[in-house]
Amino acid sequence: MLRIINSVKDWQNNRMTDVFLGKSVGFVPTMGALHEGHLALIKRSKSENDITVVSIFVNPTQFNDPDDLRKYPNTYEIDLEKLESEKVDYLFYPEYNELYPDNYGYKVIESEFSKKLCGADRPGHFDGVLTVVMKLLNIINPDKAYFGEKDYQQYLLIKGMVETFFISTEIIPCQTVRDVDGLAQSSRNKLLTKEERKRASIFPRLLRLNAGEKEIKEELEKKGFKVDYIEKINNRRFGAVRIGKVRLIDNVEI
Ligand code: AMP
């Protein structure tokens with residue numbers, strides 16, 4: 001049965017009980033509006049751990065655009081049904097003051113890679129992400145935590161943070177889950193109009209194109225996308241585009 005926990009203290013008291021003795025704990029942090037991408041992480045955690053904890057917290061410190069935060073989809077009741085049908089053990093669902101008693105006075109900042117790609121377009125975004133993930137890992141204290149490759153830069157930064165600060169959780173990357181037309185599933189896809197959703201599948205297709213980044217950018221612009229960046233780092237091509245008011249990100253191995 002799914003148990004919902006709202007306070008840090010309640011969770012910590014619970015975590016110390018015999019229920020957890022000798023049991024492995026898997027953790028999937030999310031911002032809710034759950035889709036198949038989230039469910040793939042949850043299934044993986046279920047298959048590799050005795051106890052699975054999911055968190056839902058729309059983290060305001062990682063939104064550099066107040067409008068983006070205001071519009072972020074909230075499907076809490078449906079999320080609960082999904083967590084129940086996946087047989088998740090615990091939902092950690094805190095309020096802002098629980099996680100930020102200092103009102104974001106303390107921050108975790110990475111000073112190089114976090115300034116590139118999405119960090120260049122969204123100042124402070126990864127400071128917010130790293131800070132909240134550090135807090136959640138310290139609170140939940142899981143053996144393994146699961147992150148999607150859809151947010152590959154985020155995954156690399158979290159992996160780096162965990163290594164740097166000697167956090168004992170293992171960070172597990174999970175493949176991007178896509179719709180049949182190739183678009184990576186994302187909570188923000190819910191904000192696309194029907195026409196925009198149809199057009200959005202051009203983005204992952206062009207990202208895979210056997211061509212240079214400059215050419216791909218031009219092709220995307222011709223199709224009406226506003227391109228934040230298309231960049232290759234090592235053997236991976238990263239992209240972020242805007243379609244209408246919605247920002248989409250993706251990355252592919254090349
Ligand atoms: P979010 O709720 O968007 O913060 O995402 C929570 C976690 O789910 C993050 O680790 C994401 O990378 C992951 N995730 C989101 N979309 C997908 C997807 N389409 N495939 C795999 N993982 C995803």
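Nothing in this text is a laboratory measurement; each read-out follows from the coordinates by a stated rule. Quantities reported herein were computed from a predicted structural model and do not represent experimental measurements. All Cβ positions, even for glycine, are placed from backbone atoms using ideal geometry, and neighbour counts span all protein chains on display.
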In the neighbourhood of residue 7 defined by beta carbon distances under 11 Å, the net charge of the other residues (Lys, Arg +1; Asp, Glu -1) is -2
Can you list the residues, at least 5 places off or on another chain, whose amide H is less than 5 Å from the amide H of residue 176, using H built in the peptide plane? 149, 150
Projected area, mean over directions - the stretch 1-150, Cα convex hull, nm²: 9.3
Taking K and R as +1 and D and E as -1, what net charge do the other residues with C-beta under 13 Å from the C-beta of residue 254 add up to? 0
Scoring only Lys, Arg, Asp and Glu (+1, +1, -1, -1) among other residues with Cβ under 13 Å from the Cβ of residue 164 yields -2
Stretched fully, the stretch from residue 205 through residue 193 gains (0.36 nm per residue minus C-alpha distance, one decimal, in nm) 2.4 nm
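Mind sorting 102, 79, 50 by how few other Cβ atoms lie within 10 Å of their own Cβ, fewest first?
Taking fewest neighbouring Cβ atoms as first place, the list is 102, 50, 79.
Would you order 58, 133, 28 from fewest to most other beta-carbon atoms within 10 Å of each residue's own beta-carbon?
Placing the least packed residue first, the sequence is 58, 133, 28.
Suppose we flag GluC sites (Glu not before Pro) only when DSSP calls them loop and at most 13 other Cβ atoms lie within 10 Å. Which is the longest uninterrupted stretch of the chain?
No qualifying site falls inside 113-254, the longest such stretch.
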Counting alpha carbon pairs within less than 8 Å and at least 6 residues apart, what relative contact order, in whole percent, applies to the chain? 19
Per Stokes-Einstein, at 4 °C and 1.567 mPa s, what whole-number D in µm² s⁻¹ belongs to the stretch 201-254, with the Kirkwood radius over Cα pairs as the hydrodynamic radius? 119
Based on the Cβ-Cβ distance of residue 58 and residue 104, what FRET efficiency does E = 1/(1 + (r/R0)^6) give at R0 = 22 Å, to the nearest 0.05? 0.90
Can you spot the lysines whose alpha carbon is less than 25 Å from residue 226's alpha carbon? Ignore those fewer than 8 places along the same chain. 71, 115, 116, 150, 190, 194, 198, 214, 217, 245
Need one number for the chain: average projected area of the convex hull over its C-alpha atoms, nm². 13.7
Partner lysines for residue 23 [C-alpha distance under 27 Å; skip if fewer than 8 residues away on the same chain]: 9, 43, 46, 82, 87, 135, 144, 159
Work out how much length residue 120 to residue 4 would gain on full extension: take 0.36 nm times their residue separation and subtract the Cα-Cα distance, in nm to one decimal. 38.1 nm
What are the ³J(HN,Hα) values, in whole Hz, obtained from phi via the Karplus relation 6.51 cos²θ - 1.76 cosθ + 1.60 with θ = phi - 60°, for each residue of the stretch 163-170 in sequence order, with x given for Gly and Pro? 5, 5, 9, 6, 7, 8, 6, 8
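Would you calculate, for the chain, the mean residue ellipticity at 222 nm contributed by helices, counting each DSSP H stretch of 4 or more residues as -39,500 (n - 2.57) and dividing by all residues, to the nearest 500?
Working: 11 runs with 97 residues, N = 254.
Roughly -10500 deg cm²/dmol at 222 nm, from the helical runs in the chain.
Please give the per residue volume of the convex hull enclosing the alpha carbon atoms of the stretch 5-59, rounded to a whole number of Å³.
Numbers: hull volume 4.0 nm³, N = 55.
Convex hull volume per residue, Cα atoms: 72 Å³.
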